Amino acid sequence: MSHNAAPAGAEVRAAAARIVARVLVDRISADDALEGETSVHLRDRSLLGALVFGALRWHHRLEWQTARLLTKPLKRDQEELGALLRIGLLQLQELRVPPHAAVSATVDAAALLELRSAAGLVNAVLRRFQRERAKLESDIQTVPEARFSHAAWLINALRNDWPDDWTRILDGNNAAAPMWLRVNLRRTTRAAYLETLSAAGIAAEAAPDIATAVRLAAPQPVESLPGFSAGQVSVQDICAQRAAPLLELAAGQRVLDACAAPGGKTGHILEACADLAEVWAVDRDGERLARVADNLRRLELTARLVTGDATAPARWWDGRPFDRILLDAPCSAVGVIRRHPDIKVLRRPEDVDGAVALQAKLLRALWPLLAPGGLLVYATCTVLRRENGDQMTAFSGAEPTIAAAETWQNLPGEAEGDGFYYAGLRKPHALPTASVPPQP
Ligand SMILES: C[S@@+](CC[C@H](N)C(=O)[O-])C[C@H]1O[C@@H](n2cnc3c(N)ncnc32)[C@H](O)[C@@H]1O
């Protein structure tokens with residue numbers, strides 16, 4: 001069917017179903033899947049995003065509802081049809097689309113997807129939902145996977161780690177995240193930038209405790225932010241903006257940002273202190289490291305960019321110790337689900353095991369690069385204790401040269417920030433004699 005002949009709204013729903021199915025089948029991120037979908041008209045891009053991210057955010061609930069509404073389960077190869085049904089149900093519950101328009105456009109999308117004889121099924125499921133909605137919604141409360149719209153393993157892990165806060169965390173993961181900006185204090189002041197925003201008709205307010213952070217009243221496309229292309233401001237969650245202040249940066253220091261891409265924190269480190277001796281930004285992923293270069297170019301700042309494995313510094317380190325190390329470790333990212341709901345369907349329990357092992361390896365490999373009297377800040381965007389407090393306890397227990405450790409945890413949505421963890425590990429100026437190996 002040509003673009004013009006497609007019924008209104010059907011194409012965008014068909015595209016959303018294809019994208020959601022790709023995320024699930026090919027196990028790629030929603031952003032990557034969206035990038036590959038070029039068929040949707042510009043005017044429908046925001047609806048496309050709402051359908052895709054909504055279907056992923058509410059995946060587990062919508063899947064449970066679909067199973068209740070179908071008389072026989074879908075087959076494994078009917079992923080696009082399953083996605084389309086969930087997108088239909090999403091519109092009837094979460095989006096402000098008139099129900100009759102949502103049903104007819106979703107039924108028409110089945111034909112566009114060439115799902116043989118599925119239009120009748122889509123119509124029947126959505127109409128049945130409308131009739132049985134009250135009962136389905138009350139039954140949701142009795143099934144945690146449907147109530148919180150998370151996988152059972154993740155609900156259990158969060159309940160285990162946070163017996164008093166787990167429902168708050170799960171609800172926080174399902175809420176919309178505000179857009180935070182980091183003002184480049186080397187270029188302007190926060191007060192001046194707030195005035196610029198106000199003159200542009202963009203409502204915003206300053207965060208009380210982080211000097212660079214500004215919260216927009218409503219998200220904006222970055223191109224519409226005054227001074228963005230000139231590097232006056234970057235988009236960064238308020239909790240990610242804690243890394244640079246925690247590093248206690250001062251003139252003359254050598255700084256290593258060990259897992260740096262895409263460079264949000266590298267930029268902040270360079271903005272925060274004009275007279276650092278050197279900043280190294282290391283990442284093992286060359287393509288992602290290119291994004292660090294792009295970000296720094298926009299900010300007109302420079303760092304030494306190294307494509308390298310931070311678990312094997314012998315391959316890239318020059319042997320001179322660093323005064324500060326930021327280890328923004330690869331993690332399960334369970335603290336940023338509200339911004340990346342695809343994590344709910346992509347993450348598996350074994351991924352957490354892998355992340356825990358890699359974090360431990362990174363800590364062991366990087367600690368020797370820290371100068372006596374230096375500070376290593378370990379950061380994750382997760383709330384799972386295995387990756388945070390337990391990881392620190394294990395590392396401190398095995399490493400006698402840690403003088404002190406301070407930790408900080410934000411839960412998703414708390415103080416309007418993402419779920420983030422930081423630990424600051426200090427190396428004493430004089431190493432304890434016990435750590436010196438006996439001479440032969
Ligand atoms: C949480 S992200 C870093 C985000 C970044 N610090 C920022 O603020 O924009 C983790 C990064 O670690 C990188 N990474 C994973 N394993 C690594 C390794 N062994 N050595 C170096 N980088 C690694 C990933 O490629 C990813 O870019």
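The values are calculated or read from the model by the stated rules, or taken from the named source; none is laboratory data. If you're wondering where the values come from, they're calculated on a predicted model, not measured in any experiment. Positions of Cβ are backbone-derived with ideal geometry, glycine not excepted, and every protein chain shown enters the neighbour counts.
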When the range 215-231 is checked residue by residue, the ones that are under 15 Å from Asn295 (Cβ atoms) and assigned to a helix (DSSP H, G or I) are Val222
In the list Thr38, Thr66, which residue meets the criterion of being among the hydroxyl-bearing types (Ser, Thr, Tyr) and touching a Leu at 6+ places or on another chain (Cβ under 9 Å)?
Thr66
In the range 39-73, the residues that are under 16 Å from Ala17 (Cβ atoms) and of a type in the set (Val, Ile, Thr)
Val40, Val52, Thr66
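Conditions tested, residue by residue: (1) more than 9 Å from the ligand (Cβ to nearest atom); (2) at negative phi; (3) at pLDDT 95 or above; (4) charged (D, E, K, R).
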{"site": "Glu300", "(1), (2), (3), (4)": "yes, no, yes, yes"}
{"site": "Ala303", "(1), (2), (3), (4)": "yes, yes, yes, no"}
{"site": "Asp309", "(1), (2), (3), (4)": "no, yes, yes, yes"}
{"site": "Gly319", "(1), (2), (3), (4)": "yes, no, yes, no"}
{"site": "Ile325", "(1), (2), (3), (4)": "yes, yes, yes, no"}
{"site": "Pro330", "(1), (2), (3), (4)": "no, yes, yes, no"}
{"site": "Val334", "(1), (2), (3), (4)": "yes, yes, yes, no"}
Quick check on the range 53-71. Is at least one of its residues touching a helix residue (DSSP H, G or I) at 6+ places or on another chain (Cβ under 6 Å), part of a loop (DSSP other than H, G, I, E, B), modelled with pLDDT under 95 and on the phi < 0 side of the Ramachandran plot?
no
Look through the range 292-327, keep the residues that are in contact with a Leu (Cβ under 8 Å, 6 or more places away or on another chain) and part of a loop (DSSP other than H, G, I, E, B), and return whichever of them is nearest to Ala371 (Cα to Cα).
Pro321
Condition first: away from the ligand (no atom under 15 Å from the Cβ) and not acidic (Asp, Glu). Now tell me which residues in the range 240-285 satisfy that.
Leu249, Ala250, Ala251, Gly252, Gln253, Arg254, Cys273, Ala274, Leu276, Ala277
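Let's see how each residue does on (1) more than 17 Å from the chain's Cα centre (by Cα); (2) surrounded by fewer than 17 Cβ atoms within 10 Å (Cβ to Cβ):
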position	(1), (2)
Trp317	yes, no
Val334	no, no
Pro341	no, no
Glu350	yes, yes
Lys361	yes, yes
Can you tell me how many residues in the range 111-121 are free of Cβ contacts under 8 Å to residues at least 40 places away in the same chain and under 15 Å from Arg86 (Cβ atoms)?
2
Is the range 79-101 home to any residue that is farther than 25 Å from Ala176 by Cβ, in contact with a Pro (Cβ under 8 Å, 6 or more places away or on another chain) and buried (at least 19 other Cβ atoms within 10 Å of the Cβ)?
no
Regarding Ala157, is this residue hydrophobic (A, V, I, L, M, F, W, C), assigned to a helix (DSSP H, G or I) and more than 23 Å from Val336 (Cβ to Cβ)?
no
